[in-house]
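Beneath this line is the structure, given in structure tokens, with notes to follow.
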Amino acid sequence: MPEDIINRVANSKLVVIDLEDYYPTGKRILFDIKDWLFEGLVLREKEFRAQVALYDWSQYQDAFIALTCSSDAIIPTWAYMLVTMHLEPFAKKIITGNLEQLETSIYQTIIENLDAVPFNDKPLIIKGCAKKPVPTSAYILLSQRLRPIAQSIMYGEACSSVPLFKRK
């Protein structure tokens, strides 16, 4: 008589954390203010303010925005602040930087607000190989957050995980 197949992973105390599960919905947009500069290089305050005032900001409803300037222009801080004042009623999050920095900032907020109680004194596997754009920095942040409370931390899949930490 053949033996029953037992899923030891499903029956173990291992807790799998998949950062994809925390990936928030919403468009990610790189907003380049270069096109609002005179000849792509000079910020003229009066013209810049006029363009900001006339722009339809509602198209960024529930979006995540990374503000940037792709030209070599020197942009005063107030210009990014002015754009932010108009975006804030619509966007979920606004940063200055690129899209990777935006994802890092999104995940930083998620991980800071993560209820870590379910992971206390547990052996953890942080799942890798995400299909969504989870930045490497999110794995670093999560590792830092969980190390003080976890019994152990591994990375990968239950069948082929890499041990990273074990409490003594």
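Once the whole set of protein chains is in place, how much accessible area is left on Ser161, using a 1.4 Å probe, in Å² to the nearest 10?
40
So what is the diffusion coefficient of the stretch 98-168 in µm² per second by Stokes-Einstein at 4 °C and 1.567 mPa s, using a Kirkwood Rh over Cα pairs?
Answer from the Stokes-Einstein relation: 101 µm²/s.
Can you pull the accessible area of Thr109 for me, 1.4 Å probe, Å² to the nearest 10?
Ignoring ligands and nucleic acids, Thr109 comes out at about 60 Å².
Enumerate the calculated ³J(HN,Hα) couplings along the stretch 99-112 in order (Karplus 6.51 cos²θ - 1.76 cosθ + 1.60, θ = phi - 60°), each rounded to whole Hz, writing x wherever the residue is Gly or Pro.
Residue by residue, the stretch 99-112 yields 5, 5, 5, 5, 4, 4, 5, 4, 5, 4, 5, 4, 5, 4 Hz.
Just how many pairs of Lys in the stretch 6-127 have C-alpha atoms closer than 22 Å, counting pairs that are eight or more places apart or on different chains?
Close lysine pairs under the 22 Å cut-off: 6.
Give me the distance in nm between label points sitting 7 Å out from Cα along the Cα-to-Cβ direction at Val162 and Arg145, one decimal.
A separation of 2.1 nm, rounded to one decimal place.
For every other residue with a beta carbon closer than 9 angstrom to the beta carbon of Phe64, add +1 if it is Lys or Arg and -1 if Asp or Glu, then tell me the sum.
Taking every Cβ under 9 Å from that of Phe64, the sum is +2.
Mean-square fluctuation check for the chain, GNM, Cα pairs under 10 Å: which of Glu103, Glu157, Glu39 is largest?
Highest fluctuation among the options: Glu39.
Please compute the net charge surrounding Arg147, taking Lys and Arg as +1 and Asp and Glu as -1 over other residues with Cβ under 12 Å from its Cβ.
+3
With the full set of protein chains in place, find how many percent of the accessible area of the chain is carbon and sulfur; take the probe as 1.4 Å.
54
Heavy-atom accessible area per residue, the chain, 1.4 Å probe: how many Å²?
Per-residue value: 65 Å².
Report the extension gain between Ser137 and His86 in nm, rounded to one decimal, defined as 0.36 nm multiplied by the number of residues separating them, less their alpha carbon distance.
Contour length minus the Cα-Cα distance gives 15.4 nm.
Which of Leu102, Leu82, Phe38 sits closest to the plus end of the dipole of the chain, meaning its Cα is farthest towards the positive end, when Lys and Arg get +1 and Asp and Glu get -1 on the C-beta?
Toward the positive end, the furthest listed residue is Leu102.
Per-residue ellipticity at 222 nm for the chain, helices alone: DSSP H runs ≥ 4 residues times -39500 (n - 2.57), over residue total, nearest 500 deg cm²/dmol?
-8500 deg cm²/dmol
Which whole number of Å³ per residue matches the convex hull of the alpha-carbon atoms in the chain?
Value for the chain: 160 Å³ per residue.
Taking amide H positions as placed 1.01 Å from N in the peptide plane, with prolines and chain starts having none, which residues 5 or more places from Ile94, or on another chain, fall under 5 Å of its amide H?
So Ile94 has HN proximity to Ile65.
Could you compute how fast the stretch 14-71 diffuses translationally, taking Rh as the Kirkwood radius over C-alpha pairs and applying Stokes-Einstein at 37 °C with viscosity 0.692 mPa s? Give it in µm² per second.
Rounded to a whole number, D works out at 233 µm²/s.
Quick one: what do you get for the stretch 51-137 if you divide its Cα Rg by 2.2 N^0.38 Å?
1.42
The values are calculated or read from the model by the stated rules, or taken from the named source; none is laboratory data. Values in this document were obtained by computation on a predicted structure and should not be read as measured data. In this analysis, Cβ positions are derived from the backbone assuming ideal geometry, glycine residues included, and neighbour counts consider all displayed protein chains. Surface areas here come from the heavy atoms of the whole protein model, side chains and all, with no ligands, DNA or RNA. Shrake-Rupley method; radii C 1.70, N 1.55, O 1.52, S 1.80 Å.
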